[in-house]
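The values are calculated or read from the model by the stated rules, or taken from the named source; none is laboratory data. Everything numeric in this text was worked out from a predicted model, so none of it was measured. Positions of Cβ are generated from backbone atoms using ideal geometry, with glycine treated the same way; all protein chains shown enter the neighbour counts.
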Amino acid sequence: MNRAAQTQHPTKDRLPRYTLGTDSAAAQRLRVLDEVYHQTTWALLERAGLREGWHCADIGCGTGLVTMAMAGHVGAAGRVIGVDEAGTFIDVARQTAAERKLKNVEFGSGDAYAPPLPSAQFDLVYARCLLSHLDKPLRAIQAMTALARPGGRVVIEDIDCSGVFAHPKAPALMRHLGLYQRVMRLYGGDPLIGRKLPRLCRQTGLTDVRFEVVSPSEPLKPVKRLYPLTLTCLKPAIVEAGLATARDVDALTAELNAKVDDPDVTFPSCPMVQVWTRKS
Ligand SMILES: C[S@@+](CC[C@H](N)C(=O)[O-])C[C@H]1O[C@@H](n2cnc3c(N)ncnc32)[C@H](O)[C@@H]1O
């Protein structure tokens, strides 16, 4: 790794930003992320009580894959709105919703700290893998809580990068996870946000705070593939931060891909902490 370059970009000069990019590779990564976590997300939403006729908001919705799944569930009497700061993702989401002829879903650009949505209106307010990218997660949960009606649900799931293992050992995976955590922190995020979610929710005043930790694993093929895809998307932010050269990242990606293709090497997905709560 490029040690000299590491000191050229002090953390304090960095603006918080979404490190994984918003181009077509990043959209493809979100499809694979959804393949990995779709079932556990669905189980979470069912535990939270999602039902027909509900009005829901999906904050940091990306390309809207969960938003659209929720829209299918709430039916014609329900409505789901997805909000994301990335216009390119919102365009993809709108196009997909039009192709699927979904009438009860809407997408809009907006900031998680001040979503352009009415207060106290939603039966369920949801976010997946958003808070790990934010420098003020408590403020974002407060903003989500403000959108929920009294008695409504606030449901959040996000990663906690610790606890990933490989057997037999896969040093490339561990180096990737190290880089991932460093670059996320440099840009204001928190790769260990998962463990903090229940407490942050209680601090926000949410009640009935419950949580579970899930880590979908093999034989789900995309579980392993998600790691090198993530590294590829992170490459510009890693290089810009001086944590490694583009060539270092390419070499690490190739090494990681070799472990992904090796059926003898086992590794699980990054643990996801799922929290479901109620606004009193
Ligand atoms: C890892 S993606 C998850 C997308 C989606 N929730 C999913 O699970 O497929 C994180 C998303 O958060 C969005 N995001 C990051 N910071 C944001 C902010 N301050 N306001 C709104 N969206 C934000 C990014 O643009 C990105 O789409």
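Give all pairs with beta carbons closer than 8 Å in which a residue from region 60-85 that is under 18 Å from G110 (Cβ atoms) meets a residue that is at pLDDT below 95; count only pairs at least 6 apart in sequence or on separate chains.
Hits for this filter: E85/Y18.
Could you check region 94-114 and list, in sequence order, the residues that are near the ligand (Cβ under 8 Å from one of its atoms) and not aromatic (F, W, Y)? Let's see the steps before the verdict.
Initially, region 94-114 is screened for residues near the ligand (Cβ under 8 Å from one of its atoms), giving 110-113.
Listed by number, the residues that qualify are G110, D111, A112.
Just to be sure, is A143 surrounded by fewer than 24 Cβ atoms within 10 Å (Cβ to Cβ), within 13 Å of the ligand (Cβ to nearest atom) and small (G, A, S)?
Answer is yes for this residue.
So, in region 147-178, how many residues would count as being among the hydrophobic types (A, V, I, L, M, F, W, C), closer than 23 Å to L134 by Cα and out of contact with any strand residue (DSSP E or B) (no Cβ under 9 Å at 6 or more places or on another chain)?
Pass one, region 147-178, residues among the hydrophobic types (A, V, I, L, M, F, W, C): 147-148, 154-156, 159, 161, 164-166, 170, 172-174, 177.
Then drop every residue that is not closer than 23 Å to L134 by Cα, which leaves 147-148, 154-156, 159, 161, 164, 177.
Of the ones still in play, those that are also out of contact with any strand residue (DSSP E or B) (no Cβ under 9 Å at 6 or more places or on another chain) are 161, 164, 177.
Final tally of qualifying residues: 3.
Of all the residues that make up region 47-68, how many are farther than 16 Å from M272 by Cβ, part of a helix (DSSP H, G or I) and not hydroxyl-bearing (S, T, Y)?
The qualifying residues number 1.
Each row is one residue, and each column tells you yes or no for (1) surrounded by fewer than 18 Cβ atoms within 10 Å (Cβ to Cβ); (2) at pLDDT 95 or above; (3) at negative phi; (4) not acidic (D, E).
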position	(1), (2), (3), (4)
D190	no, yes, yes, no
C201	no, yes, yes, yes
L206	no, yes, yes, yes
E218	yes, no, yes, no
Y227	no, yes, yes, yes
T230	no, yes, yes, yes
R247	yes, yes, yes, yes
D250	yes, yes, yes, no
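I'd like to verify a number: residues in region 90-128 that are surrounded by 20 or more Cβ atoms within 10 Å (Cβ to Cβ) and part of a loop (DSSP other than H, G, I, E, B), how many?
Residues that pass the stated criteria total 2.
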